[in-house]
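Report on one structure; see the data block that follows.
Here, each number is a calculation from the coordinates, and none is a lab measurement. Everything numeric in this text was worked out from a predicted model, so none of it was measured. No Cβ is skipped: glycine too gets one built from the backbone with ideal geometry, and neighbour counts run over all protein chains shown.
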Amino acid sequence: MAESDNVVRKNDAYPYSSGGWGSLKAVTGALIHEKVPLKFSTVLLKQNKPEGFACVSCSWAKPADPHTFEFCESGAKATAWDLTAKRMTPQFFELHTVTELCAWHDHDLEDAGRLTAPLRYDAATDKYVSVSWEEAFEDIGRELRTFDPKRVAFYASGRASLETSYMYQLFARMYGTNNLPDSSNMCHESTSVGLKEAIGVGVGTVRLEDFEKTDLMFFFGQNVGTNSPRMLHPLQEARKRGVPIITFNPLREPGLLKFSNPQSPVEMMTPAHTLISTQYHQVKTGGDTAALLGICKIVIDADDRARERGEPRVLDVDFIETHTVGFEAFANYVRAASWSEIERVSGLPRADLEAAAAEYMRANAVMAHYGMGITQHRQGVQNVRMLCNLLFLRGNVGKPGAGPSPVRGHSNVQGQRTVGITEKPELAPLDELANQFGFEPPREKGMNIVETFEAMLDGKVSAVINLGGNLVRSVPDRMRIEPAWRNLKLTVNIATKLNRSHLVHGEKSYILPCLSRIEIDTQASGAQAVSMEDSTGCIHGSRGVAEPASQDARSEPLIVAELAKHTLGARSTVDWDRWRNDYALVRDEIAKTYPDTFDDFNKRMWTPGGFPRNLPARERKWQTKSGKAEFSVPETLGEDPDMPEREPQSLRLMTLRSDSQFNTSIYSLDDRFRGIKGDRMVIFMCEDDMTRHGLQKNDRITLRTIAHDGFERRVAGLRIQPYDIPQGCIAGYYPECNPLLPLWHYAKESKVPGAKSIPVLIVEVNGRPREA
Ligand SMILES: Nc1nc2c(c(=O)[nH]1)N[C@H]1C(S)=C(S)[C@@H](COP(=O)(O)OP(=O)(O)OC[C@H]3O[C@@H](n4cnc5c(=O)[nH]c(N)nc54)[C@H](O)[C@@H]3O)O[C@H]1N2
Ligand SMILES: Nc1nc2c(c(=O)[nH]1)N[C@H]1C(S)=C(S)[C@@H](COP(=O)(O)OP(=O)(O)OC[C@H]3O[C@@H](n4cnc5c(=O)[nH]c(N)nc54)[C@H](O)[C@@H]3O)O[C@H]1N2
Ligand SMILES: [Mo]
């Protein structure tokens, strides 16, 4: 199929390519708004540089040979958000009660600036009041000692360094629990489970160098222009070599269509741009397993015919025989699958899948990039396994230029798992920790995010420690969660900025302001550095370059060390003071626990481009149950068990990000790429559905979740925005739509909430009830 058939359409009315002048304007606007001092430009020059700091936005790889401006619009906004000149001092809290602040918008809370001093909630005045660090640590330690450790959860949001994360998990385990829920539980846990089963490692296998060797890329459910824009550089290079990119996404995302490189004077001066996607398939939400099945069917059929005719085989027979199990069962399932079902569930005509399969069969090295559109479904793990099935057919794992490429979110979310933040005891180095630190770690499974909140609803959680994050906003079922969160005995928030989770506090609540890693961190042994792992499994050092937001903010490693010391006391053999004074000592311990990856950590962390973690699947060594790469037969075509076919008016809601937010941090109410200004209470809907539901542009609707568990889940005041999106599928923003997402609507094997397929009905239009 010609490029233009699938990509550039007459009705593609979006003037927004990613990058370009719009991008520069957006960054400048953010700087002015944040009153960021002029030295900001020198800070940006050090972003993602071997001797500088790792950006606090996404986790995309940092090249060994960086561009002069190795940052993007999103990264620059995230940096501006941290380096803002605005401050939230204790005086601010004297002026505002917590009840009053609860009425503030998420944007306004964080926009009021960086937290500067430790605070404790004071019930008598309903205000956060200033407290000394020592008093805070002592009180928190004393409180924690009174709880059953199994009733305490230690959340980690994914931004904290490897050093902090390692200390944090050790603290939790010495305290007596594996309750280490993390943001990955809401994000790429479907990857961690699915890839582990399929290829024996829970992370992607591609590295930056593979972009130079690939000859085809897939993009499934990842919005690169908004969420990992620096990845556009290697994509653009690959496109210049003529590498096709085939995208599967319900929305025509401008950031996946074309790219103007702000670092290329030619593209900035002329309307020239690089086309990103050479084929763009608007799969139905949740239809990826079906679409992948269709492609596999064409490939296997072609191979069956080739074999019958004695022609060269289409499958990589040698790879399948030597390296995989389960092929026959999978192939038989695929041969039996019906085209009408594939077309119905994927929403794509067979011809489109044939066009994608034709490219796939021509290519020798294929990468599959993917994001939340794959993982945040009831069938999230199955989706990941289907992607692997497709790659296996032609040996596209463990060879240059090929492999699965989950594009991770938070800048160190992958790394925190690498150093032990997990509720699953089998993934943690418990024996090594026991030997190294002379204690008996808990062996039973801890709680992940969904389990923590289920337990909280049952009154079985006493305290939550938050290393970053904004859980009452980011988890499902906000209207049920908030009252349960208020019943906690203790909430401790290590944070850079105030957010709603700090306001919906427990009986006792602390806010402990921390440094951002963009800031200079000086401890007793001198200036400190930290490290992170990027999306491609490479580990980098990071050194702060800006003045700290406040003399009374503390580094994350220091805060964790002090919490551990004050909680564990003589129970702990660790000299937490030495660690907080010199993070190099923490890295030595990480290297002892994980010698395969972290040997000589302190030196190697400054390797340009980072040093790679140990990834057996890259060498075609499969640490799976069978010792081989495993095909798997999907359970269903991807239909959602919570999506009642019999409700003809039902719609499938996906919740998404704009370019002006980082998760629950809302930089502004605009969504430049999708052409939205000043409003996040928006529902994107196709014209057909608008007609079917009798709606006009700008009508305000109320959505109700289809669920029969006795809870009424509604969000009102959502404005209708006509958009190019498949029929029956609608989109809205995260976190505004989270009250609609039931806690039990998650991927079975990974418990990742199904944030991309919430079954909903329209129950009100412009304030008037509507019959379902
Ligand atoms: N600027 C910015 N950058 C970020 C973040 C941010 O909030 N702002 N968040 C960070 C984090 S934590 C993460 S996890 C990543 C998230 O980055 P992404 O993985 O890109 O996540 P989303 O923005 O949720 O969008 C997912 C994309 O999937 C598509 N989609 C939805 N449902 C389906 C489906 O069923 N099938 C297919 N094929 N596609 C579907 C949507 O249209 C959308 O384009 O970004 C990280 N980077
Ligand atoms: N409906 C729906 N829900 C979703 C998603 C979705 O797509 N749809 N996506 C899910 C995903 S992928 C994720 S990752 C989660 C994210 O969920 P969370 O981890 O809970 O949320 P964040 O918005 O990333 O956290 C923001 C807060 O972190 C703090 N912070 C920022 N920087 C730092 C720092 O350097 N150190 C510390 N200690 N704190 C800091 C600030 O106080 C800020 O307010 O949400 C999930 N929820
Ligand atoms: Mo994420």
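Within the stretch 190-406, the ratio Rg/Rh, alpha carbon atoms throughout and Rh by Kirkwood, equals 0.96.
Mind grabbing the base-10 log of I(q)/I(0) for the chain at q = 0.11 Å⁻¹? Debye formula, identical points on the C-alpha positions, no solvent, two decimal places. Debye intensities relative to I(0), on a log10 scale: -1.25.
The fewest-to-most ranking of ARG443, ARG307 by surrounding Cβ atoms within 10 Å reads ARG443, ARG307. Which is the longest run of the chain containing none of the chymotrypsin sites (Phe, Trp or Tyr not before Pro) found in DSSP loop states (not H, G, I, E, B) with at most 16 other C-beta atoms within 10 Å? Value returned for the longest uninterrupted segment is 105-605. Across the stretch 483-528, the fraction of Cα-Cα pairs farther apart than 13 Å, rounded to a whole number, is 62%. Determine, at each q value in 0.14, 0.15, 0.22, 0.23 (inverse angstroms), the log₁₀ of I(q)/I(0) that the Debye formula gives when each Cα of the stretch 651-769 is one equal point scatterer. Debye intensities relative to I(0), on a log10 scale: -0.57, -0.66, -1.34, -1.42.
With the convex hull constructed from alpha-carbon coordinates only, the stretch 428-554 shows a mean projected area of 10.7 nm² over all directions.
Based only on other Cβ atoms within 10 Å, what is the fewest-to-most ordering of GLU70, GLU237, GLU163? Walk me through the numbers before you get to the answer.
Working: GLU70 22, GLU237 13, GLU163 27.
Arranged by neighbour count, lowest to highest, GLU70, GLU237, GLU163 become GLU237, GLU70, GLU163.
Take the convex hull of the alpha carbons in the stretch 541-640; its mean projected area over all directions comes to 12.8 nm². Computed over all pairs of different Cα atoms, the Kirkwood value for the hydrodynamic radius of the stretch 418-467 is 12.4 Å.
Among LEU44, LEU427, which comes first, then next, by fewest other beta-carbon atoms within 10 Å?
LEU427, LEU44
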